[in-house]
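The structure appears below as structure tokens.
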């Protein structure tokens with residue numbers, strides 16, 4: 001397949017950003033179709049591209065001009081569109097979540113397994129970040145010995161008004177949930193959530209939290225989740241091994257020494273910190289699909305696992321209990337990796 005023709009469902013902020021990205025970082029990709037519940041917005045986005053507008057996502061997927069699909073709509077519509085893309089035999093990149101419940105994700109897994117070929121990739125961009133990839137290379141090399149624990153922090157300066165209490169798990173901590181499965185090559189076996197004193201900036205949110213993930217290989221993960229720290233977007237991670245440690249570098253690009261002070265800027269939001277990872281993610285997806293192969297990034301099983309662990313963590317948040325996670329048997333279609 002050459003000259004990959006992509007249709008984009010959802011022209012909100014992330015959809016428009018991916019459209020810009022495909023026009024600047026991936027040669028041989030053309031956005032030929034768009035759709036959005038806001039038809040006027042879709043028309044404005046389509047015009048400079050010379051792309052067609054469609055009344056809905058299903059109509060876009062059915063178009064013979066569309067080779068592959070990007071789903072960037074609200075999460076509640078993801079299942080319908082991903083299932084339609086699988087039925088049409090078209091590769092589909094779906095922004096997280098794959099679907100809003102583990103059961104819906106399993107329906108996608110079943111459909112893709114029935115199709116017999118991987119078509120789905122889910123937008124977990126941490127796997128494409130240069131710092132996380134470097135962390136994994138050191139871990140896999142054996143330099144620090146067998147891994148024992150990982151300490152993580154996910155701090156947001158603030159969150160939008162529509163952010164709900166469960167989103168602290170399902171929208172924020174889910175990135176760490178996917179990342180550690182990939183980093184350590186092991187499923188999450190159980191989760192716990194601890195609540196310290198609430199921040200005065202928290203409002204109605206359970207903020208901050210400490211999420212504890214027990215992996216099947218007995219590596220223990222703790223994730224500090226703080227979504228109203230005000231000072232910036234701060235992502236941290238350190239792995240403790242038997243013979244040493246490896247950690248993410250400081251997010252600041254420069255250090256300024258002046259007036260008796262040392263200062264290093266902190267990213268303002270996720271776009272500043274992970275913009276390059278999004279570029280790599282879309283570039284590698286498009287290259288794989290354009291080359292006729294299946295996408296090799298996080299797939300439908302990964303989307304299901306993230307949803308199932310998130311659901312268990314939400315239960316742990318509400319009950320204060322340790323909640324086991326049983327994903328069931330992974331289909332052989334996904335044995336190539338996580």
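What follows is calculated from the coordinates using simple rules that are stated; it is not laboratory data. Everything numeric in this text was worked out from a predicted model, so none of it was measured. Neighbour counts run over all protein chains shown; Cβ positions are idealised from the backbone, glycine included.
Restricting to Cα pairs below 8 Å that are 6+ residues apart, what does the relative contact order work out to for the chain? Please round to a whole percent.
21 percent
Ranked by Cβ crowding within 10 angstrom, fewest neighbours first, how are 221, 108, 14 ordered?
Taking fewest neighbouring Cβ atoms as first place, the list is 14, 221, 108.
Would you mind ranking 329, 224, 204 so that the residue whose beta carbon has the fewest other beta carbons within 10 Å leads the list?
329, 204, 224
Using a Gaussian network model of the chain with C-alpha springs under 10 Å, which one of 237, 142, 297 is most mobile by mean-square fluctuation?
142
Seen from all sides and averaged, what is the projected area of the convex hull of the Cα atoms in segment 193-264, in nm²?
For segment 193-264, the mean projected area of the Cα convex hull comes to 7.7 nm².
First obtain the Kirkwood hydrodynamic radius of the chain from its Cα pairs, then insert it into the Stokes-Einstein equation at 4 °C and 1.567 mPa s, and state the resulting D in µm² per second as a whole number.
D = 62 µm²/s.
Considering the chain as a Gaussian network with a 10 Å cut-off on Cα pairs, which listed residue, 123, 299, 260, attains the greatest mean-square fluctuation?
260
Compute the convex hull volume of the Cα atoms of segment 111-255, divide it by the residue count, and report the result per residue in Å³ as a whole number.
Once divided by residue count, the hull of segment 111-255 is 158 Å³.
Run through the DSSP bridge list for segment 1-91 and note the antiparallel percent, rounded to the nearest 5.
0 percent
Test of understanding: ordering 61, 235 by Cβ neighbours within 10 Å, fewest first, what list do you get?
The most exposed by this proxy come first: 235, 61.
Please report the antiparallel percentage of the DSSP beta bridges confined to the chain, to the nearest 5.
50 percent
Taking the chain as a Gaussian network, Cα atoms linked when under 10 Å apart, which of 274, 184, 162 shows the biggest mean-square fluctuation?
162
Given bins 10 angstrom wide, list per bin the percent of all Cα-Cα distances in segment 14-160, short to long.
Percent of Cα pairs in each bin: 10, 32, 30, 21, 6, 1.
Counting helices only, and only those DSSP H runs with n ≥ 4, report the 222 nm mean residue ellipticity of the chain as the sum of -39,500 (n - 2.57) divided by its residues, in deg cm²/dmol to the nearest 500.
-10500 deg cm²/dmol
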